[in-house]
1. Could you please tell me the mean projected area of the C-alpha convex hull for the chain, averaged over all directions and given in square nanometres to one decimal?
2. Using C-alpha positions alone, give me the convex hull volume of the stretch 61-178 per residue in cubic angstrom.
3. Provide the gained length on full extension for the span Asn21 to Asp208, in nm with one decimal, where the gain is 0.36 nm per separating residue minus the Cα-Cα distance.
4. Would you work out the charge dipole size for the chain about its Cα centre, treating the Cβ of every Lys and Arg as +1 and the Cβ of every Asp and Glu as -1, and quote it to the nearest 20 debye?
5. Using 1/(1 + (r/R0)^6) with R0 = 30 angstrom and r between the beta carbons of Glu141 and Met193, what's the FRET efficiency to the nearest 0.05?
6. To check you understand DSSP bridge types, tell me what percent of the beta bridges within the chain (both residues inside) are antiparallel, rounded to 5.
7. Normalised by the number of residues in the chain, what is the relative contact order in percent for Cα pairs under 8 Å and 6+ residues apart?
8. With unit charges on the beta carbons (Lys and Arg positive, Asp and Glu negative) and the dipole taken about the Cα centre of the stretch 11-226, which residue among Val194, Ser127, Leu152 sits farthest to the positive side?
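Where a number appears in this text, it was derived from the coordinates with a stated rule and is not lab data. The model shown is predicted, which means the values in this text are computed figures rather than measured ones. Glycine gets a Cβ as well: all are built from the backbone with ideal geometry, and neighbour counts include every protein chain shown.
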Amino acid sequence: MRIKTGIRGFDETIQGGIVPNRIYVVSGPPGSGKTTFGVQFLAYGAGTGTPGLYVSLTRGSEATIESMSNYNLNIPILIERGKLLFMDAKSVAVYGDADTTINPSTIYSEIVNTVRKHAIKRLVIDSMSTLRFSIRDRRSEDEEVGRFIQNLKLLDVTTILLSEMIDPSVYATEQYACDGLIFHHNFMRGRSMVRAIQVIKMCGTAHDCEMRKLGFAEDGLFVAGKIV
Ligand SMILES: Nc1ncnc2c1ncn2[C@@H]1O[C@H](COP(=O)(O)OP(=O)(O)O)[C@@H](O)[C@H]1O
Ligand SMILES: [Mg+2]
């Protein structure tokens, strides 16, 4: 059984959708549509009765709700119906903050509580890059990220981890540890910028690794033809 991401034109490229209860990573540079991908995935599920949770480790979720409400994805209605939840998990202690015990394990506990309480089935974490900020000891960063992902696998949810990517030839731990990896690309062609999406790996799925045009429309992201 597969579930649809809800990204128009994308599910067709991966045999109709993603296998549920696995962990996927969407990596790309800033402004390439990662947050939109994640929120759209949750909104699609929520619209079909599946509760989804967006965990914001970067900017406050108020700002994300505001910008994502520009799309015709019924975000405010889905939130009101309790099918779409936004949660702010702190990844960095602010000055004067007495609580300096923020780490991937405390963030995980917060996520687990919310997942159980609201019977969450779709989960998005934005982003793995900021989760890393909560790791004090730089030497244990990869180990901590690996452990965080192993623990997410214990949950009965389909997870999309968003991660910032500057150099596509350098792989991060989450990209090794996940079941599926999707890249977003922004590149210049002449004087205009082209946005593309590419499936790097997708366990148990026949797919190609072509770059396809990624566009923004009123209802969010859509995937068009191959870029030649
Ligand atoms: N209707 C829209 N609402 C919000 N962003 C839009 C819209 N149409 C196009 N965009 C583009 O989407 C970009 C933000 O995408 P986002 O998903 O936040 O990217 P990322 O999370 O990778 O930084 C904006 O910089 C803007 O260029
Ligand atoms: Mg973002």
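1. On the way: hull surface 52.7 nm².
With every direction weighted equally, the projected area is 13.2 nm².
2. Values: hull volume 16.6 nm³, N = 118.
In the stretch 61-178, the Cα hull volume divided by residue count equals 141 Å³.
3. Numbers: separation 187, 0.36 × 187 = 67.32 nm, distance 2.26 nm.
Residue separation times 0.36 nm, minus the Cα-Cα distance, leaves 65.1 nm.
4. That gives the chain a dipole magnitude of about 500 debye.
5. Numbers: r = 32 Å, r/R0 = 1.05.
Efficiency computed from Cβ-Cβ geometry: 0.40.
6. Just about 40 percent of them are antiparallel.
7. Numbers: 429 pairs, mean separation 65.2, N = 228.
For the chain, the relative contact order is 29 percent.
8. Val194
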